[in-house]
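Enquirer: Sharing a structure here in structure tokens format.
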Amino acid sequence: MSLARDLLAAVLVVLGAVGLALWAPSAWTQSTIVDRDGFLAVAEPLGGNEQFQQDVADAAVEGVLDQVDVPRFLRSPLETAIEGQAQKLTQSTAFATIWADSMDDLHATLMDPDGGTVVADLNPYVDELAAPIGETIGVDIDIPDADVLHLTIITIPASAWPGRITAFGGLSSWIGWASLGAAALGLVLASRRGTIGIVLGVATLLAGAVLMLATQGVSALVPDSIENARILGTLVGAFEKRLAVDMFVPAIAQIGAGALVIVVSAVAVGVASSRRRDTTTR
């Protein structure tokens, strides 16, 4: 009977240790991925990324040149002028608006099981781009087809992952307390609490170590095709860095807690053994 209790207790404390290791990443997923404001807090500052700025600038220049109707002799100076103006506008309010709106759309699309295409609207950017150039060269630049002035950022296929991510984030509201309860119940049920305490400590330490390795080396789990993708690669890299930073303390705390439980339990086992020896001697 005591063996069955100890086996059940061991299962409970191991489940508790694993659940505690999932608590921090689950809460992080909820606050940083599922939550719109948390997502944008990481994504919006990336508007200063030079590669994204260049992509938008190139698309805007191409959009203007494809639509303007000016004499041939003005095409070359016009292109040079537009490219120069494009570089200046990467820090403009219009550019910031493009990035913010795109990231808002990206979050909505990422969390939509049906997927979709995220497109940056370049019209605010091109309006600021074309007007100064027209004034400079004395030609009224008209952009007749606003629909073509867009930059496709990413197409996300339909997937079950948004639901899984949302579900994992939702665990944070209860998994921590449930895990603590499972560990406590395991210790209460155990007939050899010291031994089960050591099991709990080892499981907690190992779970913390796995959390540390997984979150600090998460980039190794991401395919190169994603990390090297235009814009998306920059975004993924930013979230990888945030995850590594945010999970460092929880992982260290769990490793330390596991080590502490091992020490306390080992001392308790030693004390109990010493008392039994003293009783036998008497």
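Taken together, the values in this text are just the output of simple stated rules run on the coordinates, not laboratory data. What you see is a predicted model; the values in this text were computed from it and never measured. Don't worry about glycine lacking a Cβ; one is built from the backbone with ideal geometry, like all the others, and counts go over all protein chains shown.
Enquirer: Can you give me the distance in nm between label points at Ala100 and Thr234, each placed 7 Å from the Cα along the Cα-to-Cβ direction?
Expert: Rounded to a tenth, the inter-label distance reads 1.8 nm.
Enquirer: Residue by residue, what Karplus-based ³J(HN,Hα) values in Hz, rounded to whole numbers, does region 37-47 have, using 6.51, -1.76 and 1.60 with θ = phi - 60° and x for Gly and Pro?
Expert: Listing the rounded values in order: 5, x, 4, 5, 4, 8, 7, 5, x, 6, x Hz.
Enquirer: Quick check for you: which residues of region 189-224 have the amide N under 19 Å from the point 7 Å beyond the Cα of Ser2 toward its beta carbon?
Expert: From region 189-224, the list is 189-200.
Enquirer: Roughly speaking, what % of Cα-Cα pairs in region 149-238 are separated by over 24 Å, rounded to a whole number?
Expert: 48 percent
Enquirer: Something else now. If packing is taken as the mean number of other Cβ atoms within 10 Å per residue, what is the order of 22-28, 168-174, highest first?
Expert: The packing order, highest mean first, is 22-28, 168-174.
Enquirer: If R0 is 45 Å, what FRET efficiency do you get for Trp177 and Lys88 from their C-beta distance, rounded to 0.05?
Expert: Efficiency, from the Cβ-Cβ distance: 0.25.
Enquirer: Multiplying the sequence separation of Ala108 and Ser191 by 0.36 nm and subtracting their Cα-Cα distance, what value in nm do you get?
Expert: So the chain would gain 24.7 nm between Ala108 and Ser191.
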